[in-house]
Amino acid sequence: MRNIRTSLITCLFVVVASCGGADDAHVPKSDGLTFFHMNDTYRIGTVESGAAGGFGRVVTLIREVQQQGRTVRILHGGDFLYPSLESQLWHGEQMIDAFNYM
């Protein structure tokens with residue numbers, strides 16, 4: 001019984017010690033969190049003769065928000081690999097590379 005009590009106290013000590021605050025010098029400062037949500041993206045480039053779309057525009061928005069000191073998270077609701085012609089040619093690798101770049 002004494003060994004069990006000692007083990008429980010030791011475990012409790014380890015848990016409490018690990019819950020201590022993080023060193024502020026290693027925690028990046030952020031002025032907030034911004035989510036970018038996209039879905040049904042089949043092309044990396046622009047459409048309508050460059051008047052709409054394009055991942056370059058999304059990357060520009062993301063960089064602008066990051067320069068303001070905000071943390072950015074990108075969400076995608078689905079449909080980004082197929083049925084585009086490009087994904088049929090490259091098996092969706094161009095889309096995966098584009099999202100990894102962001």
Based on what the data block shows, is residue 41 modelled with pLDDT under 85 and either assigned to a helix (DSSP H, G or I) or surrounded by 13 or more Cβ atoms within 10 Å (Cβ to Cβ) (or both)? yes
Can residue 75 be described as modelled with pLDDT of 80 or more, of a type in the set (A, V, I, L, M, F, W, C) and touching a His at 6+ places or on another chain (Cβ under 6 Å)? yes
Hits in region 26-38 - residues which are open to solvent by 80 Å² or more (accessible area, probe 1.4 Å) and modelled with pLDDT under 80: 26, 28, 29
For region 57-88, which residues satisfy the criterion of being touching a Ser or Thr at 6+ places or on another chain (Cβ under 7 Å) and not charged (D, E, K, R)? 65, 69, 71, 72, 80, 81
Quick one: in region 45-57, of everything that is within 15 Å of residue 101 (Cα to Cα) and open to solvent by less than 60 Å² (accessible area, probe 1.4 Å), which residue is modelled with the lowest pLDDT? 45
Which residue pairs have Cβ atoms closer than 9 Å, lie 6 or more positions apart in sequence or on different chains, and pair a first residue in region 37-62 that is without any contact (Cβ under 8 Å) to a residue 24 or more places away in the chain and on the phi > 0 side of the Ramachandran plot with a second residue that is assigned to a strand (DSSP E or B) and surrounded by 10 or more Cβ atoms within 10 Å (Cβ to Cβ)? 53/46; 53/47; 54/46; 54/47
Taking region 70-101 and keeping only residues that are open to solvent by less than 30 Å² (accessible area, probe 1.4 Å) and either of a type in the set (D, E, K, R) or closer than 25 Å to residue 32 by Cβ (or both), one is left with 72
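The values are calculated or read from the model by the stated rules, or taken from the named source; none is laboratory data. Just so it is clear, the model here is predicted, and its values are computed rather than measured. Cβ sites come from the backbone with ideal geometry, for glycine too, and all protein chains shown count toward neighbours. Areas reflect the complete protein model, heavy atoms only, side chains present, ligands, DNA and RNA absent. Shrake-Rupley method; radii C 1.70, N 1.55, O 1.52, S 1.80 Å.
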